[in-house]
Amino acid sequence: YGSSSFMPRRSKSEELLEFEIGFYEKLLSAYPDFIDVLVPLGDAYTRRGLYDKGLQIDLRLTQLRGSDPLSWYNLACSHALLNRVDESLDALRHAVSAGYRDVEYLQKDPDLLNLRRSPKYRQFLDSLAAALPKSNV
């Protein structure tokens with residue numbers, strides 16, 4: 001038996017994800033504000049479990065696209081994944097004020113699980129229900 005037989009093998013999906021991250025990181029080094037690279041890189045970091053790196057990307061995206069509700073929503077997800085409930089709620093409030101309206105999805109999004117466990121989340125939902133038309137909540 002060679003020592004390589006005891007090395008854990010990475011799955012094809014793990015290899016593809018590593019390739020994807022490396023590809024986007026190289027593009028980003030050449031074009032630091034390229035939104036069409038930042039968005040999928042942030043997603044890839046999150047899928048890989050690199051939540052701190054995903055957070056940095058999402059913070060950058062909210063700087064570049066301050067009025068984009070999805071950028072703020074993704075920032076809320078990154079904070080929630082790192083169990084930063086207050087920061088997650090702040091970002092979610094920004095997302096809603098910028099136009100995010102998919103209340104049904106945010107109630108089942110696995111990235112927001114830590115946030116939904118917080119009593120502050122229920123308060124947020126109640127305030128959201130009062131602010132939005134009845135058909136959205």
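Figures for the structure shown
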{"item": "R101, sole failed condition from (1) open to solvent by 80 Å² or more (accessible area, probe 1.4 Å); (2) farther than 25 Å from E14 by Cβ; (3) assigned to a helix (DSSP H, G or I)", "result": "(3)"}
{"item": "Whichever residue in region 83-98 is open to solvent by 90 Å² or more (accessible area, probe 1.4 Å) and among the polar types (S, T, N, Q) and, among such residues, is farthest from D43 (Cα to Cα)", "result": "S97"}
{"item": "Subset of region 62-82 [assigned to a helix (DSSP H, G or I), farther than 15 Å from Y105 by Cα, open to solvent by 10 Å² or more (accessible area, probe 1.4 Å) and among the polar types (S, T, N, Q)]", "result": "T62, Q63"}
{"item": "Some residue of region 23-34 being over 24 Å from N83 (Cβ atoms), touching a Phe, Trp or Tyr at 6+ places or on another chain (Cβ under 7 Å) and either among the charged types (D, E, K, R) or open to solvent by less than 70 Å² (accessible area, probe 1.4 Å) (or both)", "result": "yes"}
{"item": "Any chance Y1 is more than 25 Å from R117 (Cα to Cα), at pLDDT below 95 and aromatic (F, W, Y)", "result": "yes"}
{"item": "Any pair with Cβ under 8 angstrom, 6 or more apart, that starts in region 73-93 at a residue that is closer than 14 Å to R117 by Cβ and ends at one that is part of a loop (DSSP other than H, G, I, E, B)", "result": "V85/S118; L89/S118"}
{"item": "Check on D111, assigned to a helix (DSSP H, G or I), buried (at least 17 other Cβ atoms within 10 Å of the Cβ) and among the acidic types (D, E)", "result": "yes"}
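The values are calculated or read from the model by the stated rules, or taken from the named source; none is laboratory data. What you see is a predicted model; the values in this text were computed from it and never measured. Neighbour counts run over all protein chains shown; Cβ positions are idealised from the backbone, glycine included. The protein model used for the area step is the full one, side chains on, heavy atoms only, and it has no ligands, DNA or RNA in it. Shrake-Rupley method; radii C 1.70, N 1.55, O 1.52, S 1.80 Å.
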